[in-house]
Amino acid sequence: MTEKRSASAERGRVRREAILDAAMELFAEQGFVLTSLPMISERVGITHAGILHHFGSKEGVLRALLEREGPVPHFGAWVLDMSGLDVVAKLPDYAEIVIQHPLAMEWQFQLFWENRHASDPMHEEVLHDVRIRNHIAEEIRSVLLTNNEAPEIDLEALSYNIFAFVIGANSQWLVSKDDELLRRSYRRYTDSALRVLQGQSPNHEGALPLV
C-alpha cells in the first residue's frame, strides 16, 4: 500500500511540474491574460479538470509558478540583495543572469506589463519599482556619506536612470538575443555610472550619458 501511495504521489508531482512548465511557456508566449486553462491542458495532454484538481484556478497556477521559479531573474529581487556600490558595480553580473534565463525573462516581462496598473490583480505581488529605486539610492547615499564624499548627484534621478537602463537593455535583448551586445552595454553603463559617483565626467570615449 505504501509503495502504491508513493508511486501515486510521484505521478502527481510529475504532472504538476508538466502543468507548470506548459503554463510558463504559454505565459511567456502570449501573457497570462490571453492564456486559458484549456490551452494549458491541451499542451500538457490532460483535461481542464486535471489542472483544477492540482491548482484550483489559473491564478493558482500562476502563484505556484512564482513560488517554484523564485525571484530570478527579477531585477528587484537581485538588486535588493546588493549593498553599497554593488548596486551599480555588479550590474554586469545581472546581465549574465538575464542571458541564462530567457524563458523566465519573457514570462516576467509579460507578467509585469499586464500588472503595471495599481488596479491590476497582481500589481502588488510583481511590481516593486519604487522600493527598488529607493534601495539603489539609499545604498549609494550611505557609501557617499561614509566616505565623506558629496558629489552633486541627484540620486533619485540616478536610481531611476539605472532601473530604466536595466528594463530597456533587457527588453532589447529579448528581441535580438545578442548576448555579447547585452554584456557590452551593461559594462559600459556600469563604468559610466561609477564615474559619475566618483565625481568624474561620464563623457569619456564610449561612455553612456547619465543624469
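Positive-end ranking of VAL175, GLN100, SER142 along the dipole of the chain, with charges on Cβ about the Cα centre, is headed by GLN100. Overall, the anisotropy analysis places region 125-181 in the prolate class: the square-rooted eigenvalues a ≥ b ≥ c of its C-alpha gyration tensor yield a/c not less than 1.5, with a/b exceeding b/c. Taking only alpha carbon atoms, the chain gives an Rg to Rh ratio of 1.09, where Rh is the Kirkwood radius.
Per-residue ellipticity at 222 nm for the chain, helices alone: DSSP H runs ≥ 4 residues times -39500 (n - 2.57), over residue total, nearest 500 deg cm²/dmol? Counting only the DSSP helices, I get -23500 deg cm²/dmol. For the chain, the longest principal axis of the C-alpha atoms and the axis of helix 129-146 are separated by about 40°. Shape of region 75-197 from the C-alpha gyration tensor: oblate (a/c of 1.5 or more and a/b not above b/c, with a ≥ b ≥ c the square roots of its eigenvalues). Taking label points 7 Å from Cα along the Cα-to-Cβ direction, HIS48 and LYS90 give a separation of 4.6 nm. Under the shape rule built on the C-alpha gyration tensor, where the axes satisfy a ≥ b ≥ c, region 45-132 is prolate, since a/c reaches at least 1.5 and a/b is greater than b/c. Packing, as the average of other Cβ atoms within 10 Å across residues, places the peptides 88-101, 45-58 in the order 88-101, 45-58, highest first. For SER36 and GLU138, a Förster radius of 35 Å and the Cβ-Cβ distance give a FRET efficiency of 0.25, rounded to the nearest 0.05. Cut-off 10 angstrom, C-alpha nodes, Gaussian network model of the chain. Which of ASN147, ASN170, ASN115 fluctuates the most? Sorting by GNM fluctuation, first place goes to ASN147.
Each reported figure results from applying straightforward, stated rules to the coordinates on display, with no laboratory input. In this text, all values refer to a predicted model and were calculated from it rather than measured experimentally. Every residue, glycine as well, gets a Cβ built from its backbone with ideal geometry; the counts of neighbours run over all protein chains shown.
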